[in-house]
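Heads up: the structure comes next, in C-alpha cells.
The values are calculated or read from the model by the stated rules, or taken from the named source; none is laboratory data. Predicted model only: the values in this text are computed from it and were never measured. Neighbour counts run over all protein chains shown; Cβ positions are idealised from the backbone, glycine included. Just so you know, the surface numbers come from the protein's heavy atoms only, side chains and all, with ligands and any DNA or RNA stripped out. Shrake-Rupley method; radii C 1.70, N 1.55, O 1.52, S 1.80 Å.
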Amino acid sequence: MPREGVRKDQRSFTDEEVGKILSAAQEPFGSILAVTAVLGLRIGEVLALRVSDVDFERKIIRVRQSIDAATRTVQSVKSTASSADVPMPSQLEGRLRKHLRAHDRKTDFLFVNRRGRPFSANRLREKNSASAA
C-alpha cells in the first residue's frame, strides 16, 4: 500500500530532558526555552514579548504580538485565539524575575541580542542545531 498520508509522530522531549536542557542552557536562551516549553508559545510570540507583558502581580503573561522570522518585524499573532493572557507558573516567575534583574531596560523587549534587537528565530534554530551536532 502507498505510504502517502502516513505521518510519523513528532518526537517530544520528556520533562527530564527539558530540565537538563534548561539547566545547561546559557542565558537568555534558557529563559527563552523555558517560556516556550512551559507556556507552549510559538517562538515568534516569545521573542515579541515585552517587559510590560509580564505581570508578576496577576501572575500572567500577555501574548499580543509575534516577530516575523524572516524580517524580525513585530506583527499581530497568528490567530485571535493566540492573543491571550496565559498563567505564569511560579517556577517560570522565578526565572523571569532573575532574567529581568540582568535586563538593561534599554528596550522594552524581554529578550534581546547584544545589539538590543529581538533575536532572530532562524538564527536561534541554527545556533542550537549547530551546538547539538
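Matching residues to (1) within 26 Å of Glu126 (Cα to Cα); (2) touching a helix residue (DSSP H, G or I) at 6+ places or on another chain (Cβ under 9 Å); (3) at pLDDT 95 or above:
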residue	(1), (2), (3)
Pro28	yes, yes, no
Ala37	yes, yes, no
Leu41	yes, yes, no
Ile67	yes, yes, no
Arg72	yes, yes, no
Val77	yes, yes, no
Pro87	no, yes, yes
Gln91	no, yes, no
His99	yes, yes, no
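Can you tell me which residue within region 1-60, out of those that are open to solvent by 30 Å² or more (accessible area, probe 1.4 Å), aliphatic (A, V, I, L, M) and part of a loop (DSSP other than H, G, I, E, B), is farthest from Pro89 (Cα to Cα)?
Met1
Please name all residue pairs, on different chains or six or more residues apart, with Cβ atoms under 9 Å, provided the first residue is in region 4-24 and is closer than 23 Å to Leu96 by Cβ and touching a residue at least 12 places away in the same chain (Cβ under 8 Å) and the second residue is open to solvent by 100 Å² or more (accessible area, probe 1.4 Å) and assigned to a loop (DSSP other than H, G, I, E, B).
Ile21/Phe13
Mind checking whether some residue in region 78-89 is farther than 14 Å from Ser31 by Cα, of a type in the set (Asp, Glu) and part of a loop (DSSP other than H, G, I, E, B)?
Narrowing region 78-89 to residues farther than 14 Å from Ser31 by Cα: 78-87.
Within this subset, residues satisfying the condition of being of a type in the set (Asp, Glu) are 85.
Within this subset, residues satisfying the condition of being part of a loop (DSSP other than H, G, I, E, B) are none.
No.
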